[in-house]
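Q: Next up is a structure, given as structure tokens.
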Amino acid sequence: MVEQATVNRWVTGSSPVAGAIFMKIFISGIAGFLGSHLADAFINEGHHVVGCDSLIGGELDNVPPDAEFYQYDCCFRNSMLKITKGCDLVYHTAATAYEGLSVFSPHLITQNIVTGSVSLFSAAIENKVKRIIFCSSMARYGTNEIPFREEFVPKPQDPYGIAKVAAENILKNLCEVHGVEYVIAVPHNIIGPRQKYDDPYRNVASIMINLMLQNRQPYIYGDGKQKRCFSYIDDDLFCLKEMATNKSVKSQIINIGPDEEFITINSLANKIANQLKFNLNPKYLKGRPQEVLEATCSADKARRLLNYKTKTKLDHGLKKMIDFIKVKGVKKFRYHLDLEIINSKTPKTWKEKLF
Ligand SMILES: NC(=O)c1ccc[n+]([C@@H]2O[C@H](COP(=O)([O-])OP(=O)(O)OC[C@H]3O[C@@H](n4cnc5c(N)ncnc54)[C@H](O)[C@@H]3O)[C@@H](O)[C@H]2O)c1
């Protein structure tokens, strides 16, 4: 194993690998999909990774064994103050990343995102970290025209997107006042191994794979003509890692992910069914309130500043996910979050626990 060092040094713009400068990197949400992959990538390069997760949406299994792990909730500032001490960088990936659910459980979702973010930002700034990288969401763009570009004024359409924009604004404000560098990453529809697939409230591709592997038909909200771009985790990781030290991304908002394969949810279901040789006959349900019909982000800025390239085709990414779920085994869906508002607009899949 590469030597782990906890040297509290920082050389802006240097490559941690080429320059052999080891950093102490804090990652919130380290038991989650993105946070755990990011932690692995930094640990493999010899950095010391400290991470926390409340496990509200992640899996303990995902935490890399070589990471220094704390089962802490970001909302508790004193805990954040203790565990971000001596860190050079903070990646804030922790979030209740439940866009569709956020109009039905707004208190849970916004409280977690806003309080958790501000508490971690405040602790990290007090501990004099050099840079904070915040994972926002394309929900920030809401009803803007596609493709979403970073310079657009945010028009979020649901409490999840509104909370992400609030966290972005507070981060910008605090970093400007206190002289800390920040970057806002806007990942979108990432897929890949380790994504939670027993969660009925999010991750459409994972839900469909988990259902079809159980020989069950997927449910599709609306007519299935909603369009999205899906990104494979490895392609996003390269950019997220670059955000640690790249000078040109300081104070920037950057979309992370492809803009090439823009497909409907119906096509996504077909692609998965083809790979599984599953006889697809989806069950269509009433559309979800506030769901943006066409959402895709421009990758121009990421290409220009971070040399972003889509290396993994969607079919290949789906295959990797299918292989992962087959190895782990299919799972029963867990309705682990409370619906705060139950009425005629609440999706039947959640009210009646149909998955
Ligand atoms: N995956 C995507 O497609 C996508 C798209 C856009 C934005 N994002 C953003 O990227 C980040 C990572 O997403 P992900 O897909 O890895 O989600 P994830 O749910 O797999 O990971 C998030 C992790 O954060 C943890 N967490 C949540 N609230 C916490 C808190 N208060 N304290 C400590 N831990 C907490 C969860 O337990 C989970 O392990 C999120 O901020 C999400 O909003 C993801």
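The values are calculated or read from the model by the stated rules, or taken from the named source; none is laboratory data. All values reported here derive from a predicted model rather than from experimental measurement. All Cβ positions, glycine included, derive from the backbone under ideal geometry; neighbour counts span all protein chains shown.
Q: If I filter the range 58-66 for residues that are hydrophobic (A, V, I, L, M, F, W, C) and either within 19 Å of the chain's Cα centre (by Cα) or modelled with pLDDT of 95 or more (or both), do I get at least one hit?
A: First, pick out the residues of the range 58-66 that are hydrophobic (A, V, I, L, M, F, W, C): 60, 63.
Filter once more, so that each one left must be either within 19 Å of the chain's Cα centre (by Cα) or modelled with pLDDT of 95 or more (or both): 60, 63.
Taking every residue of the range 58-66 in turn, at least one turns out to be hydrophobic (A, V, I, L, M, F, W, C) and either within 19 Å of the chain's Cα centre (by Cα) or modelled with pLDDT of 95 or more (or both).
Q: Another question, if that's okay. If Gly224 meets every condition in (1) assigned to a loop (DSSP other than H, G, I, E, B); (2) in the same structural domain as Pro347 (by TED's automatic domain parsing); (3) in contact with a Leu (Cβ under 7 Å, 6 or more places away or on another chain) apart from one, which number is that one?
A: (3)
Q: Can I ask one more? Assess whether Tyr160 counts as being in a strand (DSSP E or B), crowded, with 17+ Cβ neighbours inside 10 Å and aromatic (Phe, Trp, Tyr).
A: no
Q: Then there's this: Looking at Arg140, Arg131, which one is farther than 13 Å from His178 by Cβ and at pLDDT 95 or above?
A: Selected residue: Arg140, the only one of Arg140, Arg131 that is farther than 13 Å from His178 by Cβ and at pLDDT 95 or above.
Q: Output the residue which, of all residues in the range 250-262 that are hydrophobic (A, V, I, L, M, F, W, C) and out of contact with any Leu (no Cβ under 7 Å at 6 or more places or on another chain), is farthest from Asp300 (Cα to Cα). Give the steps one after another, and end with the answer.
A: Step one: filter the range 250-262 for residues hydrophobic (A, V, I, L, M, F, W, C), giving 253-254, 256, 262.
Applying the additional criterion that residues be out of contact with any Leu (no Cβ under 7 Å at 6 or more places or on another chain) yields 253, 262.
Details: Ile253: 12, Phe262: 15 Å.
Looking at residues that are hydrophobic (A, V, I, L, M, F, W, C) and out of contact with any Leu (no Cβ under 7 Å at 6 or more places or on another chain), I get Phe262.
Q: Return yes when His107 is away from the ligand (no atom under 13 Å from the Cβ), touching a residue at least 24 places away in the same chain (Cβ under 8 Å), on the phi < 0 side of the Ramachandran plot and in the same structural domain as Thr245 (by TED's automatic domain parsing) and no when it is not.
A: Taking the combined requirement at face value, the residue satisfies it.
Q: Taking the criterion of being within 15 Å of the ligand (Cβ to nearest atom) and within 14 Å of the chain's Cα centre (by Cα), would at least one residue in the range 257-270 satisfy it?
A: Yes: one or more hits.
A quick yes/no check of all residues on (1) buried (at least 18 other Cβ atoms within 10 Å of the Cβ); (2) within 12 Å of the ligand (Cβ to nearest atom); (3) part of a helix (DSSP H, G or I):
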site	(1), (2), (3)
Thr143	no, no, no
Glu151	no, no, no
Lys155	no, no, no
Lys164	yes, yes, yes
Asn169	no, no, yes
Asn173	no, no, yes
Tyr182	yes, no, no
Val186	yes, yes, no
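Q: Specify which of the listed residues (Ala295, Ala302, Ala269) is modelled with pLDDT under 95 and of a type outside the set (D, E, K, R). Steps first, answer last, please.
A: Working: Ala302 fails: modelled with pLDDT under 95; Ala269 fails: modelled with pLDDT under 95.
The match here is Ala295.
Q: Restricting the range 66-101 to residues that are within 12 Å of the ligand (Cβ to nearest atom), hydroxyl-bearing (Ser, Thr, Tyr) and not in a helix (DSSP H, G or I), which is surrounded by the most Cβ atoms within 10 Å (Cβ to Cβ)?
A: Per the stated criteria, the residue is Tyr91.
Q: Of the residues Asn210, Asn189, Asn255, only one is under 26 Å from Gly58 (Cα atoms) and either of a type in the set (Gly, Ala, Ser) or at pLDDT below 95 (or both); which?
A: Asn189
Q: Another question, if that's okay. Considering only residues that are near the ligand (Cβ under 9 Å from one of its atoms) and not in a strand (DSSP E or B), which ones fall in the range 44-62?
A: Asp53, Ser54, Leu55, Ile56, Gly57, Gly58, Glu59, Asn62
Q: I'd like to verify a number: residues in the range 119-141 that are part of a loop (DSSP other than H, G, I, E, B) and away from the ligand (no atom under 16 Å from the Cβ), how many?
A: Applying the first criterion (part of a loop (DSSP other than H, G, I, E, B)) to the range 119-141 yields 127-130, 136-137, 141.
Filter once more, so that each one left must be away from the ligand (no atom under 16 Å from the Cβ): 127-130.
Number of matching residues: 4.
Q: Sticking with this structure for a sec: Gly116: near the ligand (Cβ under 9 Å from one of its atoms), assigned by TED's automatic domain parsing to the domain that holds Ser137 and in a helix (DSSP H, G or I), yes or no?
A: Yes; evaluated as a whole, the condition is true for this residue.
Q: Restrict the check to the range 243-262 and report whether at least one residue is in contact (Cβ under 8 Å) with a residue 60 or more places away in the chain and over 28 Å from Val153 (Cα atoms).
A: Checked against the condition, which is being in contact (Cβ under 8 Å) with a residue 60 or more places away in the chain and over 28 Å from Val153 (Cα atoms), the range 243-262 yields no hits at all.
Q: Still on this structure: Of the residues that make up the range 238-250, is at least one assigned by TED's automatic domain parsing to the domain that holds Leu38, surrounded by 19 or more Cβ atoms within 10 Å (Cβ to Cβ) and under 22 Å from Asn144 (Cβ atoms)?
A: Yes, the range 238-250 contains a residue that is assigned by TED's automatic domain parsing to the domain that holds Leu38, surrounded by 19 or more Cβ atoms within 10 Å (Cβ to Cβ) and under 22 Å from Asn144 (Cβ atoms).
Q: When you go through Glu145, Glu150, Glu168, Glu176 one by one, which is the residue that is closer than 25 Å to Glu291 by Cα, among the acidic types (Asp, Glu) and free of Cβ contacts under 8 Å to residues at least 24 places away in the same chain?
A: The unique qualifying residue is Glu145.
Q: Going residue by residue through the range 45-54, is there one that turns out to be crowded, with 18+ Cβ neighbours inside 10 Å, over 15 Å from the mean Cα position of the chain (by Cα), touching a residue at least 40 places away in the same chain (Cβ under 8 Å) and farther than 24 Å from Cys239 by Cα?
A: yes
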